[in-house]
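The values are calculated or read from the model by the stated rules, or taken from the named source; none is laboratory data. From a predicted model like this one, the values you see are computed outputs, not experimental measurements. Glycine gets a Cβ as well: all are built from the backbone with ideal geometry, and neighbour counts include every protein chain shown. Ligands, DNA and RNA are stripped out before the accessible areas are found, and what is left, the full protein with its side chains, is counted by its heavy atoms. Shrake-Rupley method; radii C 1.70, N 1.55, O 1.52, S 1.80 Å.
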Amino acid sequence: MNFKSLRSGSGGNAALLWTDTTAVLIDFAPGCQRDCRALLAAAKRAGGRLDAVLVTHAHGDHINRNSLKVLAEEGLPVHCHHEVCRQIKERHGAEYAGIIRPFVQGVKVGGLEVLHAQVDHVPGCYTTAFIISAGRDGHKASVFTDLSCFTEEHAELAADSDLLWLEANHDQELLRRFGHPGSEFHLSNLDASRFLHAVCARSRRQPQAVVLGHLSEDCNAPHLPELEIKSFFKERNCPVKFRSQVAPRSVPGCALTIK
């Protein structure tokens, strides 16, 4: 299993997850149509193919009219929870409804099994996390982006993940000093640390890799989430065994391979 963040932040989000047989985008909203086409081409080169797009929620930095138009040109199906499907049509128009494939519990894309879990985000916006497995005995990836809090059920679902994509939106002290509207709907660095520790406590092993994304441009800095995690784990006498990576806001991150 391989993973590569392509964009991560309020200006647009997209990530690529692929195996030897299947490649999916997780959210896709780079911006203008030119940027969408360029990033789609780059994703195909990295993954060798593209089979589908998984969309967490209908906010315009995760899917929008421009990205839907480009995905329709490519004939790529967009899989999302049926309530997310309804909200995409409301927000971005129904003319691209033909490529949107709503599901209830989850979906199978090639060799990938995708389950969904609802998370709290902005009121009125149905938002999902994804639990992605590469077959019965394959690797497991958990994607939790854009959430205001987590539950024990979420930590249980993410337990034993080989890869965890986790939001770390803001530093609490920077948020107090500078403020940022909407940050209350996103996980802080401290809450991301709590979530990650809760997942590890429920797992037979720690993840191989953790990708931290959706950092606030004003109320966070690339080095702060990892520092918060190391401090949180150290205080609880829990050694950090996973490798971590902070997803850049407007350029692709490094590809990660899970073995």
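Here are some notes:
- Within segment 225-257, being within 18 Å of ASP146 (Cα to Cα) and in contact with a helix residue (DSSP H, G or I) (Cβ under 7 Å, 6 or more places away or on another chain) holds for PRO225, VAL246.
- Residues that are surrounded by 20 or more Cβ atoms within 10 Å (Cβ to Cβ) and either modelled with pLDDT under 95 or in a helix (DSSP H, G or I) (or both) within segment 158-174 comprise just one, ALA158.
- Residues of segment 111-134 satisfying the condition of being among the small types (Gly, Ala, Ser), under 21 Å from CYS85 (Cα atoms) and in contact (Cβ under 8 Å) with a residue 60 or more places away in the chain: ALA129
Okay, residues lined up against (1) within 19 Å of the chain's Cα centre (by Cα); (2) open to solvent by 10 Å² or more (accessible area, probe 1.4 Å); (3) over 26 Å from THR19 (Cβ atoms):
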residue: VAL53; (1), (2), (3): yes, no, no
residue: THR56; (1), (2), (3): yes, no, no
residue: ASN64; (1), (2), (3): yes, yes, yes
residue: LYS69; (1), (2), (3): no, yes, yes
residue: CYS80; (1), (2), (3): yes, no, no
residue: VAL84; (1), (2), (3): yes, no, no
residue: GLU90; (1), (2), (3): no, yes, yes
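- The set of residues in segment 14-38 that are open to solvent by less than 10 Å² (accessible area, probe 1.4 Å), within 24 Å of THR257 (Cβ to Cβ) and either without any contact (Cβ under 8 Å) to a residue 24 or more places away in the chain or not in a strand (DSSP E or B) (or both) contains only THR22.
- Candidate set: segment 175-218, residues that are open to solvent by less than 70 Å² (accessible area, probe 1.4 Å) and touching a Lys or Arg at 6+ places or on another chain (Cβ under 8 Å); chosen: the one nearest to LEU256 (Cα to Cα): ALA209
- Of all residues in segment 135-159, those that are under 15 Å from THR19 (Cβ atoms) have Cβ atoms under 8 Å from Cβ atoms of residues that are assigned to a loop (DSSP other than H, G, I, E, B) and of a type in the set (A, V, I, L, M, F, W, C), 6 or more apart or on another chain, in GLY138/MET1; HIS139/MET1; HIS139/ILE258; LYS140/ALA134; ALA141/MET1; ALA141/ILE258.
- Of note, ARG194 does not satisfy the criterion of being at pLDDT 95 or above and assigned to a loop (DSSP other than H, G, I, E, B).
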